[in-house]
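Comments concern the structure below.
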Amino acid sequence: KCGACGPGYATPLDAMKGKFLLKGPREEVVYLPCIYRNTGVEKPDYLATVDVDPKSPHYSQVIHRLPMPNLKDELHHSGWNACSSCFGDATKRRNRLILPSLISSRIYVVDVGTDLRAPRIHKVVEPVELFRKGNVANPHTSHCLGSGDILISCLGDPSGNGKGGFILLDGETFEVKGNWEKGEKVPSLGYDFWYQPRHNVLMSTEWGAPKVLADGFNPADVERGHYGRRINVWDWSTHTHIQAIDLGKGSIPLEIRFLHDPDAAEGFVGCALSGAVHRFYKTEKGDWAAEKVIEVPSKKVQGWLLPDMPGLITDILISLDDRFLYFSNWIHGDIRQYDISDTRKPRLVGQVFLGGSITKGGPVTVVEDQELQSQPEPFVIKGKKVPGGPQMIQLSLDGKRLYVTNSLYSGWDKQFYPDLVKEGSVMLQIDVDTEKGGLKVNKNFLVDFGKEPDGPALAHEIRYPGGDSTSDIWI
């Protein structure tokens, strides 16, 4: 029993074992934003609560929907008001979910503490607050800090140009306090971030300029420099930009993850367009560098946007014991599991296809493939042929269950997977072999967001009330 604990867990391994929890680390409900922007349904986005307890009569069903008060927000990623970074502070509780809107620039603060199974809106931070106090817009990733404040990365400025700035929210009042970053130097693009105080560092990544990516992807915009290629390195204590690690033109580095061990001075970043995973690390000199450790080869195809089809690595995560790395390969359609016991030489140990653009019988013909002997079969579960490809992933604390949704962002879903927008997305669950590695779809679990009361919806990032593999940072 922990005497004076705050939210979360003392260490990543405690989280894995479910220490201080009477029931162990098994998740019972999850939250995920559902999007109607770009679908033709004139309804607000909403937060869905899904029952994931196999013993429940409502297993794999949406048990609650919290609609937002506005249309066309494009809810995207979410974070907590407090997490394991506040573990030593018994006055803190993980009871508010922070929901930034990628397109409207609103931030919703959702009360999940009063009733875990029926969240309610606690506060709305209007876009003008971000514009006025930080000259930023398009908020993306939200992480709680040990100080009690909430740090949110942004993609742009109020005019839709790229700008890799941050804003701070007060952890009690949720007022915008202003920018986190200091000094003249702000990267031209922003997206995701992770921090590691023991190495005095924050790392951020780059997607693209909001006004360029808002309605779809044009490959020519990569050539024009409107998409990202760098990991940006920040001094944690002075909040200043100190280094940029160039991963190459057209790489588009998205999700970035340090190893969970707070002493670790390394991690991984997934690059969408280059189909590569880079390991970043601290050098002997004390600065930071990166090396490519995984590459998904492009496939030569006919009947698609380009003659070379990249994998598009969109989401990436690391198990809490830092043993396995997972990523989704959204266009090709598979999820991969790598053993990263040797971080410089990840070893592929699990792979499962859940749709994608190269399935048999579709419009795309693969003419040259360095990895597969034949095009994969369409993915069918409970009689439903699943549209789209695997995208957002979240791992259970014990590492045994990987949850997956298949919407990337409504403007790109519409372009790459029109059937996904028409039919709605799904949430799936994959059983993980945590001994040798291996992935197997749980055929009893399907949440079909095509059957939602207001019409097919696009479900995105998954969060557990007790914390998960991508929201908690140990300091």
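The values are calculated or read from the model by the stated rules, or taken from the named source; none is laboratory data. Keep in mind it's a predicted model, so treat the numbers as computed, not measured. Neighbour counts run over all protein chains shown; Cβ positions are idealised from the backbone, glycine included. For the accessible areas, the whole protein counts, side chains as well, though only heavy atoms, and no ligand, DNA or RNA atoms are used. Shrake-Rupley method; radii C 1.70, N 1.55, O 1.52, S 1.80 Å.
Couple of notes before you dig in:
- Peptides 355-362, 135-142, 328-335 ranked from most to least packed give 328-335, 135-142, 355-362, packing being the mean of other C-beta atoms within 10 angstrom over each peptide's residues.
- Qualifying lysines (Cα of each under 19 Å from Cα of residue 123; at least 8 residues distant if same chain): 72, 92, 133, 177
- Whether the stretch 38-99 is rounded, prolate or oblate, judged on the alpha carbon gyration tensor where a/c under 1.5 counts as rounded: oblate
- For the stretch 280-291, Karplus couplings with θ = phi - 60° (6.51, -1.76, 1.60), whole Hz, Gly/Pro x: 10, 7, 7, 8, 4, 6, x, 8, 10, 9, 9, 9
- Length-normalised contact order of the stretch 307-347 in % [C-alpha pairs under 8 Å, at least 6 apart]: 32 percent
- For the stretch 244-321, the convex hull spanned by the alpha carbon atoms encloses 101 Å³ per residue.
- Net lengthening on full extension, residue 59/residue 284 (0.36 nm per residue, minus Cα-Cα): 76.0 nm
- Cα centroid separation, the stretch 256-312 to the stretch 378-403 (Å): 22 Å
- Computed over neighbours whose Cβ is under 12 Å from that of residue 307, the net charge equals 0, Lys and Arg +1, Asp and Glu -1.
- Percentage relative contact order, the stretch 343-420, counting C-alpha pairs under 8 Å, at least six apart: 23 percent
- Cβ-placed point charges (K, R +1; D, E -1), dipole of the stretch 233-333 about Cα centre in debye, nearest 20: 460 debye
- Within-15-Å neighbourhood charge of residue 40 [Cβ basis; K, R +1; D, E -1]: -4
- With all protein chains in place and a 1.4 Å probe, the accessible surface of the stretch 65-138 carries 51 percent carbon and sulfur.
- Cα lying deepest toward the dipole's positive end in the chain, options 205, 70, 341, charges on Cβ: 70
- Across the chain, C-alpha contacts under 8 Å between residues 6 or more apart give a mean separation that, scaled by the residue count, equals a relative contact order of 13 percent.
- From the Kirkwood radius over Cα pairs of the stretch 12-459, Stokes-Einstein at 4 °C and 1.567 mPa s returns a whole-number translational diffusion coefficient of 59 µm²/s.
- Shape category assigned to the stretch 393-475 from the gyration tensor of Cα positions, a/c cut at 1.5: prolate
- Exceedance of the 20 Å cut-off in Cα-Cα distance is limited, within the set 163/249; 249/285; 300/385, to 249/285; 300/385.
- The stretch 1-116 shape via C-alpha gyration tensor axes, a/c threshold 1.5: oblate
- Magnitude of the charge dipole for the chain, about its Cα centre and with charges confined to Cβ atoms of Lys, Arg (+1) and Asp, Glu (-1), is about 500 debye.
- Computed accessible area, residue 283, all protein chains, 1.4 angstrom probe, square angstrom: 40 Å²
- Accessible area per residue for the chain, computed on protein heavy atoms with a 1.4 Å probe, is 37 Å².
- Dividing the helix sum by the residues of the chain, where each DSSP H run of 4 or more adds -39500 (n - 2.57), gives a mean residue ellipticity at 222 nm of -1500 deg cm²/dmol.
- Using a simple spin-label model with pseudo-atoms 7 Å out from Cα toward Cβ, residue 246 and residue 349 lie 3.7 nm apart.
- Extreme residue, positive dipole direction of the stretch 130-283, given options 145, 238, 183 (C-beta unit charges): 183
- Accessible-area ranking of 117, 132, 279, largest first, probe 1.4 Å: 132, 117, 279
- Quarter of Cα convex hull surface for the stretch 200-266, i.e. mean projection, nm²: 5.4 nm²
- Compactness ratio for the stretch 265-420: Cα radius of gyration over 2.2 N^0.38 Å (N = residue count) comes to 1.08.
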